[in-house]
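**Student:** To start, I am sharing the structure in question, which I have written as structure tokens.
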Amino acid sequence: MKMLEFDQIFVIRLTISNVLGLIKSTIKQALAVKDELGDLPLAALNQLIANNEQFEPAVNNPSKSEFTDRVNLANNDRKERFGEIKRNVKLHLKGRDAAKKAAAKKLEFFFSPYWGLMNEPLNTFTGIVNTMFEKYKVNTEIKADAKLIGIDAFLDGFEISNNDFDAIYNQRLANDAAHELSASGQKRDVCNSYTEFCNAIEQAVNFTPKESIHTLFKNMNELRKTYHALEPVEKEKTDKKELKEA
């Protein structure tokens, strides 16, 4: 008699979110036939559920959306402030006051390398603005021109806004890293539990066959095929190459 075996999958290689998806779907399918499981598969399922209850909260980051909203608000604020500075410079370029018009021309030239900042990645934007202010602060002539046309206060506000954004952005990075570390710590345990449960189902379908267990086996195997396709390709190629060389 040919023994049924699950298709191969290296669960530990999956991303944390994909591991969670595989585990939750497997548990859902198994619970549907819980009463048909024998003692060993049921014990393995309970262990998988217990480990997933620790793993899932570490994956789902409830404060992530909060930090994302704060980052977006801070980013919009600094962009609006920079847009206000640009509008004022352009306004004085068209004005009749000769002194302010001359000052605006010099400011336009000074800011010209930075006018296209709006489309830069968030962190790149921050770094470029910091560099811009380093140059602005040591240029007494440009500072005087900014004061003459009345944008010196706008520039001060823009610098504060950019620094505020940087602080919030770094808080979000630290928060995400903490959750990623926590989830990674739970990942191996839940992957091991999943493997043990799969082994128990293989034993059950081969030695104590029931229609419900056979259906569960097929459904779980389809899940394995689906998630196997999500394994990192480069990692798989490297492993095959190492195996061939060995």
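**Student:** If the Cβ limit is 6 Å and pairs must be 6+ apart or interchain, which residue in the stretch 213-232 that is part of a helix (DSSP H, G or I) pairs with which residue that is basic (K, R)?
**Tutor:** none
**Student:** I've got another one for you. Out of all the residues in the stretch 164-206, which are over 28 Å from I27 (Cα atoms) and either surrounded by fewer than 16 Cβ atoms within 10 Å (Cβ to Cβ) or of a type in the set (A, V, I, L, M, F, W, C) (or both)?
**Tutor:** D164, F165, A167, I168, N170, Q171, L173, A174, N175
**Student:** Please tell me if N123 is of a type outside the set (A, V, I, L, M, F, W, C), in contact with a Ser or Thr (Cβ under 8 Å, 6 or more places away or on another chain) and touching a residue at least 24 places away in the same chain (Cβ under 8 Å).
**Tutor:** No; evaluated as a whole, the condition is false for this residue.
**Student:** Taking helices (runs of 4 or more DSSP H) that do not extend beyond the stretch 83-177, which have at least 3 residues that are out of contact with any strand residue (DSSP E or B) (no Cβ under 7 Å at 6 or more places or on another chain) and within 19 Å of R70 (Cβ to Cβ)?
**Tutor:** Answer list for the stretch 83-177: 122-137.
**Student:** State which residue pairs qualify: first residue closer than 14 Å to L117 by Cβ and free of Cβ contacts under 8 Å to residues at least 60 places away in the same chain and inside the stretch 72-100, second residue assigned to a helix (DSSP H, G or I) and of a type outside the set (D, E, K, R) in any location, beta carbons under 7 Å apart, and separation of 6 or more residues or different chains.
**Tutor:** K79/M118
**Student:** Would you mention how many residues in the stretch 136-160 are touching a residue at least 24 places away in the same chain (Cβ under 8 Å) and under 36 Å from the mean Cα position of the chain (by Cα)?
**Tutor:** 6
**Student:** Let me ask something additional. If you go through the stretch 186-212 one residue at a time, how many are more than 36 Å from the chain's Cα centre (by Cα) and part of a helix (DSSP H, G or I)?
**Tutor:** 7
**Student:** So, in the stretch 131-153, exactly how many residues are among the hydrophobic types (A, V, I, L, M, F, W, C) and crowded, with 17+ Cβ neighbours inside 10 Å?
**Tutor:** Selection size over the stretch 131-153: 6.
**Student:** Of the numbered conditions (1) outside the structural domain of F154 (by TED's automatic domain parsing); (2) more than 27 Å from D176 (Cα to Cα), F82 satisfies every one except a single condition; which is it?
**Tutor:** (1)
**Student:** Which ones in the stretch 1-41 are modelled with pLDDT of 90 or more, part of a loop (DSSP other than H, G, I, E, B) and among the aliphatic types (A, V, I, L, M)?
**Tutor:** Within the stretch 1-41, L4, I9, L14, A32, V33, L37 meet the criteria.
The values are calculated or read from the model by the stated rules, or taken from the named source; none is laboratory data. Here the structure is a predicted model, which is why all the values come from computation and not from measurement. Note that each Cβ is placed from the backbone with ideal geometry, even for glycine, and that neighbours are counted across all protein chains shown.
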